[in-house]
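The values are calculated or read from the model by the stated rules, or taken from the named source; none is laboratory data. This structure is a prediction, so every number in the text was calculated from the model and none was measured. Counting neighbours? That spans all protein chains shown, and the Cβs are built from the backbone with ideal geometry, glycine included. Protein only, heavy atoms only, side chains kept; ligands, DNA and RNA dropped before computing areas. Shrake-Rupley method; radii C 1.70, N 1.55, O 1.52, S 1.80 Å.
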Amino acid sequence: SLSARPDLTFEKCLFEDMMALSRASLLAFVLVEGMTEFATCGSEGGNDSDACAGLALDDGSEAKEISLLQHAAQGKSSVESPALGQLLSKRWGAVFQPRRRRSASQGDECDGLFVKYSQMKVEQNLSFHFNFTDLGGGNCLKVTEFGPNECCFKYGSKITVTGSVDLPAPIAEDAVMSASVNGKYGIIPIWDSLKCSACGKECRACPSISNYLPSLFPCKPVPMPACPIAAGALHNTTTFELKQELGRLMRGSHATVQFSLKQPGRPVISSGEIFVRAN
């Protein structure tokens with residue numbers, strides 16, 4: 001109290017109380033976590049778990065660690081001390097270690113819309129290639145056998161892309177395009193599973209983001225080509241605009257899309273994964 005410690009001001013007393021509360025909270029956390037691990041390891045079949053691996057200590061080291069935690073709770077050891085830091089890192093590293101920065105391949109350095117594809121597979125004897133004839137001021141970091149990759153597109157720009165595909169066999173009316181979407185729009189999680197006929201019918205699959213941004217992602221039928229899509233070479237060129245509104249409304253959002261094109265009686269025609277991030 002202040003009467004017992006005339007050297008303490010009210011502010012200093014409040015500060016010491018807050019520090020004591022913080023140390024007590026830390027001790028409570030690590031002890032509860034520790035008791036959970038001991039309970040798991042003490043149960044039948046639990047001794048081989050990952051949680052038990054951290055408890056396989058040398059003789060006497062367990063007592064030393066508990067003593068170290070007690071000293072921290074009593075204010076006799078700083079949370080920043082090397083010994084305590086090593087203990088917390090060893091036992092509860094996932095909680096106390098700083099979050100690692102994502103690599104540039106995830107699009108952090110892109111001031112615009114970042115697009116990256118991976119795990120691309122195509123049917124044997126099928127060839128596919130695309131290229132951007134106009135990136136609208138954007139750039140791509142890599143080039144694969146399919147075309148440019150890890151591309152950063154500027155909002156408000158017009159982008160022209162050309163593509164060609166050589167099909168070894170026709171695509172029939174029973175071919176199906178599927179896509180699963182996992183991501184976030186701001187803090188809103190997005191999970192979608194979409195399916196459409198590859199030809200012959202309008203695609204009426206609507207992503208859930210249409211509920212939040214109908215102006216950018218309208219839920220309306222998309223016309224598909226007539227069936228069958230003949231075997232042989234196909235070429236196409238298209239130009240689209242990356243609206244400024246997209247950057248304003250989607251900034252900070254991201255999504256991973258896994259897609260496939262399948263037809264009964266033949267191998268997977270194509271499949272892959274696309275990562276999109278709006279910065």
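Looking at the structure I just gave you, is residue 247 surrounded by 15 or more Cβ atoms within 10 Å (Cβ to Cβ) and not in a strand (DSSP E or B)? Working first, answer last.
Details: surrounded by 15 or more Cβ atoms within 10 Å (Cβ to Cβ): yes; not in a strand (DSSP E or B): yes.
Answer is yes for this residue.
Kindly indicate the residue of the range 164-184 that is within 22 Å of residue 117 (Cα to Cα) and in contact with a Gly (Cβ under 9 Å, 6 or more places away or on another chain) and also most open to solvent (accessible area, probe 1.4 Å) among those meeting that condition.
Of everything passing the filter in the range 164-184, 184 is most open to solvent (accessible area, probe 1.4 Å).
For residues in the range 185-229 being assigned to a strand (DSSP E or B) and over 30 Å from residue 168 (Cα atoms), which is most open to solvent (accessible area, probe 1.4 Å)? Break it down stepwise before answering.
Residues of the range 185-229 that are assigned to a strand (DSSP E or B), as a first pass: 185, 188-197, 203, 222, 229.
Narrowing the set further to residues that are over 30 Å from residue 168 (Cα atoms) leaves 185, 188-192.
On the way: 185: 42, 188: 55, 189: 64, 190: 17, 191: 179, 192: 28 Å².
Going through the qualifying residues, I end up with 191.
Please specify each residue of the range 176-189 satisfying the condition of being among the hydrophobic types (A, V, I, L, M, F, W, C) and at pLDDT below 85.
Residues satisfying the conditions are 187, 188.
What pairs come up if the first residue lies in the range 265-278 and is in contact (Cβ under 8 Å) with a residue 60 or more places away in the chain and of a type outside the set (A, V, I, L, M), the second is crowded, with 16+ Cβ neighbours inside 10 Å and assigned to a loop (DSSP other than H, G, I, E, B), and their beta carbons are under 6 Å apart, counting only those six or more places apart or on different chains?
If the second residue must be crowded, with 16+ Cβ neighbours inside 10 Å and assigned to a loop (DSSP other than H, G, I, E, B), the pairs left are 267/123; 277/107.
Can you name the number of the only condition in (1) under 19 Å from the mean Cα position of the chain (by Cα); (2) modelled with pLDDT of 95 or more; (3) loosely packed, with under 13 Cβ neighbours inside 10 Å that residue 102 fails?
Against the list (1) under 19 Å from the mean Cα position of the chain (by Cα); (2) modelled with pLDDT of 95 or more; (3) loosely packed, with under 13 Cβ neighbours inside 10 Å, residue 102 comes up short only on (2).
Give just the number: which of (1) surrounded by 13 or more Cβ atoms within 10 Å (Cβ to Cβ); (2) assigned to a strand (DSSP E or B); (3) touching a residue at least 40 places away in the same chain (Cβ under 8 Å) does residue 149 not satisfy?
For residue 149, the failing item is (3).
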